[in-house]
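The values are calculated or read from the model by the stated rules, or taken from the named source; none is laboratory data. Quick caveat, the model's predicted, so the values are computed rather than measured. Here the Cβ positions follow ideal geometry from the backbone for every residue, glycine too, while neighbour counts run over all protein chains shown. With ligands, DNA and RNA removed, areas are computed over all heavy atoms of the protein, side chains included. Shrake-Rupley method; radii C 1.70, N 1.55, O 1.52, S 1.80 Å.
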Amino acid sequence: MSFKKSETQSDDQKIVFGFCSKCLSKVLNDELIKFGTTCEPCFNAYCQELSPYDPLYKKYDGDPKGWAKRIIHRHQSGEKVRPISLKFAEEALRSRYV
């Protein structure tokens with residue numbers, strides 16, 4: 001993240017600009033702080049991409065090993081899952097007395 005002190009409004013008050021991390025447009029520093037290093041249009045586009053509700057989480061609600069079942073289910077459906085997460089999920093679902 002880079003900030004440039006450039007254009008000045010007056011001698012005692014400086015306007016600080018930075019660049020959006022997605023589109024690289026020049027943005028006021030206050031806007032970057034508010035929207036997490038992105039400009040407002042990029043932040044709104046990001047929010048539209050997110051799914052507001054994932055039914056997979058409701059499916060295993062109340063199950064103490066639901067986290068592990070969700071990881072296995074995501075892996076079986078073709079979603080990328082980190083190998084260490086998959087390993088721990090498989091260990092959690094393995095029976096202790098086998």
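Of all the residues that make up segment 11-33, how many are modelled with pLDDT under 80, open to solvent by 100 Å² or more (accessible area, probe 1.4 Å) and touching a strand residue (DSSP E or B) at 6+ places or on another chain (Cβ under 7 Å)?
1
Find the residue count for segment 57-78, including only residues that are closer than 16 Å to LEU93 by Cα and assigned to a helix (DSSP H, G or I).
Matching residues across segment 57-78 total 11.
So is ALA45 open to solvent by less than 100 Å² (accessible area, probe 1.4 Å), at pLDDT 90 or above and in a helix (DSSP H, G or I) or not?
Working: open to solvent by less than 100 Å² (accessible area, probe 1.4 Å): yes; at pLDDT 90 or above: no; in a helix (DSSP H, G or I): yes.
In short, no.
For GLY66, are the conditions met, namely being on the phi > 0 side of the Ramachandran plot and either open to solvent by 50 Å² or more (accessible area, probe 1.4 Å) or at pLDDT 85 or above (or both)?
no
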